[in-house]
Amino acid sequence: MSTNMLEKGYEPHDVEKRWYDFWEREGLFAAEEESERQAYAIVIPPPNVTGVLHMGHALNNALQDILCRYRRLRGDNVLWMPGTDHAGIATQNVVERKLAEEGTDRHALGREKFIEAVWAWRETYGSAIINQLKRLGASCDWPRERFTMDDGLSRAVRKVFVQLYDEGLIYRGDYIINWCHRCHTALADLEVEHEDLDGHLYHIRYPYVGQEGGIVVATTRPETMLGDTAVAVHPEDTRYAHLVGKTAILPLLDREIPIVADEYVDMEFGTGVVKITPGHDPNDFEVGQRHDLPVLRVLHDDGTINENGGPYAGMDRYEARKAVVKDLEKLGQLEKTEDHTHNVGHCYRCHTVVEPLVSKQWFVDMAPLAKPAIDVVRSGKVHFVSERFEKVYFNWMENIRDWCISRQLWWGHRIPAWYCDDCGEVIVAEGAPETCPKCGGPVRQDEDVLDTWFSSALWPFSTLGWPEETEDLKYFYPTSVICPG
């Protein structure tokens, strides 16, 4: 009779590790490179290399694992492609904190040495989340693991950037972006987390030019009035129709600004009159474009008021807010202050309140790219589970703004653009030019890197070998399911 006895309690560590090691050793998760069987492919939404698994990861990866194991049982040739994202802001923050503990910083190291330090950190700590996925039992094809900064994916990034630039879909210009004063970089709209904060609604009187009285605006950010270049009312608002075309005086700086009519104004909010600050609000920027208004930026990158702020120059933005309100009260131009709860954007990484401001950055023109993405869902070629998410998708895609893809970081895919200071030529190319092709002068590469999600967007096909026409790409792409959680 066997002397083996069942343990009183289930010991997952002993059982699960033994069987998982066996599955991996026998290659039971491996997809066949060429097969007559039905292909079924999922690329894992690449988790941040800095991260550790949370409950969301556990659920999302369990769902993918269930789908992949079920399809294997049905006889399909299943590829579950694993990998990690280089996580530009998150990884740079982690390594910078480590350097600070060592009494130094990235500027002391220089760019090249700092990048070496990040790669060293990745080699030491970057496998943590992968090991956790294995502990979960995730049946990924592990020998195929990819990283968004590996050579193949980096080549794909450069190729797509150059292609979109040549097609006019990537451009460099001055536009409103989300700026984090703590991380010192631009953020995409999806990297801004909004939450309701208790604040105030300030009613400020802007005196008329050449007549008594003034027009009252309502704002939650009075310090940005230093960059106002107009006051706007709704064209159908009979209360203010007689004022359109006239001018008002910007309090504190005594600058004359026009009163314009624009449908953007909500007649029901506040006083029905809004200050227009094209340099610090995306909607105001659009109003400014329609009315050919000047764009004034009043904030430095560190969150202090710049020279356009007159006597408030050098103050922190919140110090300036208090000073502006105090001075308006002294002048008798603060009509009233109301308690007001409003939605405020925060940096997804450090939770600092972000500041919309105009900045010269690289952008993707999203409207031409969003249209085919909308069409494949409307036609049924791509469908959502559950269908109710289609409404969210359409709302996002139909109101999408141009995507700011440049980041003021050192860790990431450096933008493949070079500048000639001698003649002003801009060269966008997959490979680095030795000299300016126009005048033969020296060139310097753009200092910025690309938004992490630029490489993540290519993940479903770059991981399969694109831009090479690989057998994997022909067989497994397009993939079967995207499970982003």
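Side notes on the structure shown:
- Relative contact order (%) - the chain, alpha-carbon pairs under 8 angstrom, separation at least six: 19 percent
- Per-residue accessible area (protein heavy atoms, 1.4 Å probe) orders TRP411, TRP396 as TRP396, TRP411, starting from the largest.
- Segment ARG25-VAL392, length gained on full extension (0.36 nm per residue, minus Cα span): 127.8 nm
- Amide H contacts of ALA417 (H built 1.01 Å from N, under 5 Å, at least 5 apart or other chain): ASP446
- Heavy-atom surface of the chain, accessible at 1.4 Å and reported per residue (Å²): 52 Å²
- Surface listing: MET267, MET149, MET81, MET55 arranged by accessible area from highest to lowest gives MET55, MET267, MET149, MET81, probe 1.4 Å.
- Per the Kirkwood formula applied to alpha carbons, segment 68-201 shows a radius of gyration over Rh ratio, Rg over Rh, of 1.05.
- Extension gain, HIS300 to LYS326: 0.36 nm times the residue separation minus the Cα-Cα distance gives 7.1 nm.
- The chain: angle of helix 111-125 to the longest principal axis, Cα-based, in degrees nearest 10: 50 degrees
- About its Cα centre, segment 325-390 has a charge dipole of approximately 320 debye under the convention of +1 per Lys or Arg Cβ and -1 per Asp or Glu Cβ, with nothing else charged.
- Figure legend: label point modelled 7 angstrom from the Cα of ALA457 along Cα→Cβ; residues of segment 363-384 with amide N under 18 Å from it are 363-377.
- The chain - charge dipole about Cα centre, Lys and Arg +1 at Cβ, Asp and Glu -1, debye rounded to 20: 660 debye
- Net +/- balance of residues flanking PRO282 in space, Cβ distance below 10 Å, scoring K and R +1, D and E -1: -3
- Among the trypsin sites (Lys or Arg not before Pro) in segment 386-485, those located in a DSSP loop and surrounded by at most 11 other Cβ atoms within 10 Å of their own Cβ are ARG388.
- Angle between the chain longest axis and helix 55-73 axis [Cα atoms, degrees, rounded to 10]: 40 degrees
- Taking the protein heavy atoms of the chain in the context of the full set of protein chains, the accessible area attributed to carbon and sulfur is 51 percent at 1.4 Å.
- Kirkwood-type radius of segment 220-264, with distances r between different C-alpha atoms, in Å: 11.2 Å
- Cα-based radius of gyration for segment 1-44, normalised by 2.2 N^0.38 Å, reads 1.86.
- Sorting the Cα pairs of segment 232-342 by distance into bins of 10 Å, from 0 upward, gives 13, 38, 40, 9, 0 percent per bin.
- For segment 413-454, size of Cβ-based charge dipole, Lys and Arg +1, Asp and Glu -1, in debye: 100 debye
- Segment 317-462: relative contact order in percent, alpha carbon pairs under 8 Å with at least 6 residues between: 18 percent
- For the chain, the longest principal axis of the Cα atoms and the long axis of helix 151-166 meet at an angle of about 40 degrees.
- Of the trypsin sites (Lys or Arg not before Pro) found in segment 170-246, those that fall in a DSSP loop while having at most 16 other beta-carbon atoms within 10 Å are ARG182, ARG239, LYS246.
The values are calculated or read from the model by the stated rules, or taken from the named source; none is laboratory data. Predicted model only: the values in this text are computed from it and were never measured. Backbone-built Cβ (ideal geometry, glycine too); neighbour counts: all protein chains shown. Protein only, heavy atoms only, side chains kept; ligands, DNA and RNA dropped before computing areas. Shrake-Rupley method; radii C 1.70, N 1.55, O 1.52, S 1.80 Å.
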